[in-house]
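This is the structure I have questions about; it appears just below.
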Amino acid sequence: MRSTTNWGIIGPGKIAHAFAKGLSVIDDAQLKAVASTNLERAQSFAKEFNVSQAYGNYDEMLSCEDIDVVYISTINTLHEDCIMKAFSYGKPVLCEKPLGTDPGMDEFLFAEAKKANLFLMEAYWTTFLPSYCKAKNWLEAGYIGTLRQIDTSFNYMADPANERLFKKELGGGCYYDVGIYTIGMVCDFFGMEPRKMVTNTYFSSDGIDVSSSAILDFGFAQSAVMRIGFYCEHASDTVLWGTEGHIILPSFWNGTEARLYRGNRLVETFTCLHKGSGYEYEALEVMHCLAAGNKTSSIMPPERTLRIARLVEQGRTQC
């Protein structure tokens, strides 16, 4: 692979804008092309981010030999088709979460990636943030003793007109949108899948999960409480409670700070502002994996995606 990694984007929506901003601060990354089913939309995105190539269909972009890796950020229900199309052109893929719309689809996609000998990773960007990594390092170093409880939430007032969130056929719902963040984090910090998850999920008249609370049981005196949804503004802070202290992650999913407490005394504050949008860290992980010839990420491996997908599916279907 050349010294500069050339990226192509499929689906120039809101999240793709954030990803492009992240790429712009990586010296050896170049956003080479963007593709949309709407050529004008692709051209507008290309103009904004100084991208040299804009395409009105995916095949044209994927057939370009100078595209090293593809970032997919279409609506959820199109992820599978876009991934498989990228694979047919021999392109490694970073795909926005959720990778697929059920655990079986995720298993299929990772199996296809392995068969094609191509890289595939779900774009769970939060896990690569410096503040998140610092909290995990503190936890693993035993600075708060044994982790016992996690309190976390991710709620906001969503616009009912946003079809991506509220239409079933587009893969809407709060578990796909924000529940992935909370579930992925608590499982990562406890280092396992819960032995039981009890949820109280509310559904719209169209059958979309719009609000939920859940308790995840990780064994003796170890549990997590999470609240997610589209119907209230709520600080998305996370607290990790241990036997000797606690850690606070303000706005855990996109934050820049972590605070370490011993007992109730603040002993350290870690702050790392994003040079770009924060999406640069997951892009760097992909680039490191490609340079090393790895087909999966050790930080966000298939097993982790599948663990999250199983719990998301349970939350989406359990009242």
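The values are calculated or read from the model by the stated rules, or taken from the named source; none is laboratory data. This one's a predicted model, so the numbers in the text were calculated from it and none came from an experiment. Cβ coordinates were reconstructed from backbone atoms using ideal geometry, including for glycine residues, and neighbour counts include every protein chain displayed. Keep in mind that these areas ignore ligands, DNA and RNA; they rest on the heavy atoms of the full protein, side chains included. Shrake-Rupley method; radii C 1.70, N 1.55, O 1.52, S 1.80 Å.
Relative contact order for region 73-213: what is it in percent, counting Cα pairs under 8 Å that are at least 6 residues apart?
20
Tabulate in residue order the Karplus-calculated ³J(HN,Hα) for region 186-200, using 6.51 cos²θ - 1.76 cosθ + 1.60 with θ = phi - 60°, rounded to whole Hz; enter x for Gly and Pro.
Per-residue couplings from phi come out as 5, 5, 5, 5, 7, x, 6, 8, x, 7, 7, 10, 10, 10, 10 Hz.
Using Cα atoms only, what is the angle between the long axis of helix 302-317 and the major principal axis of the chain, expressed in degrees (0 to 90) to the nearest 10?
Taking the Cα atoms of the chain, the angle to 302-317 is about 70 degrees.
Quick check of the Kirkwood formula: for region 71-229, what is the inverse mean of 1/r over all pairs of different Cα atoms, in Å? Don't skip to the answer; put the middle values down first.
On the way: mean 1/r = 0.0579 Å⁻¹.
Here the Kirkwood hydrodynamic radius works out to 17.3 Å.
Please list the non-local residues whose amide H lies under 5 Å from the amide H of Thr238, H modeled 1.01 Å from N, same-chain partners needing a gap of 5 or more.
Amide H neighbours of Thr238, under 5 Å, 5+ apart: Leu249, Ser251, Phe252.
Could you calculate the contour length gain from Cys272 to Asp66, that is, 0.36 nm times the residue separation minus the distance between their Cα atoms, to one decimal place in nm?
Full-extension gain reported as 70.8 nm.
Right, another one. By its C-alpha gyration tensor, with a ≥ b ≥ c as the square roots of the eigenvalues, how is the chain shaped: rounded for a/c under 1.5, else prolate for a/b larger than b/c, else oblate?
Prolate, because a/c is 1.5 or more and a/b exceeds b/c.
I've got another one for you. With the convex hull built on the Cα atoms of region 238-319, state its orientation-averaged projected area in nm². Each step should come with its number before you reach the end.
Details: hull surface 33.2 nm².
Approximately 8.3 nm², given one-decimal rounding.
Could you give the accessible area per residue of region 7-81, probe 1.4 Å, as a whole number in Å²?
Result: 46 Å² of accessible area for each residue.
Which percent, nearest 5, of DSSP beta bridges in the chain are antiparallel?
Percentage antiparallel, nearest 5: 55.
What number, in nm² with one decimal, is the all-direction average of the projected area of the convex hull of the alpha-carbon atoms of region 138-200?
Mean projected area for region 138-200: 5.9 nm², to one decimal.
I need the shape label for region 209-259. Rule: rounded when a/c is under 1.5, else prolate if a/b > b/c, else oblate, with a, b, c from the alpha carbon gyration tensor.
Because a/c hits 1.5 or more and a/b fails to exceed b/c, region 209-259 counts as oblate.
In whole percent, how big is the carbon plus sulfur part of the accessible area of the chain, probe 1.4 Å, protein atoms only?
49
When the dipole is taken about the Cα centre of the chain, and only Lys, Arg (+1) and Asp, Glu (-1) are charged at their Cβ, what size is it in debye, to the nearest 20? Can you show the working numbers first?
Details: 29 positive and 38 negative charges, 117 e Å.
My answer is approximately 560 debye.
Whenever you get a sec, line up Val198, Val239 from highest to lowest accessible area (probe 1.4 Å, protein heavy atoms).
Val198, Val239
Calculated from DSSP H runs of 4 or more alone, at -39500 (n - 2.57) each and per residue, what is the 222 nm mean residue ellipticity of the chain, nearest 500?
Computed mean residue ellipticity for the chain: -9500 deg cm²/dmol.
Given the Cα-Cα distance of Thr37 and Cys133 and 0.36 nm per residue of separation, how much length would full extension add, in nm? Can you show the working numbers first?
Details: separation 96, 0.36 × 96 = 34.56 nm, distance 3.69 nm.
In short, 30.9 nm is gained.
Over all distinct alpha-carbon pairs, what is the Kirkwood Rh of region 1-135 in angstrom?
Evaluated on region 1-135, it is 15.1 Å.
I'd like the Karplus ³J(HN,Hα) series for region 150-159: coefficients 6.51, -1.76, 1.60, θ = phi - 60°, whole numbers in Hz, and an x wherever there's a Gly or Pro.
Along region 150-159, the couplings run 10, 10, 8, 8, 8, 10, 7, 7, 8, 6 Hz.
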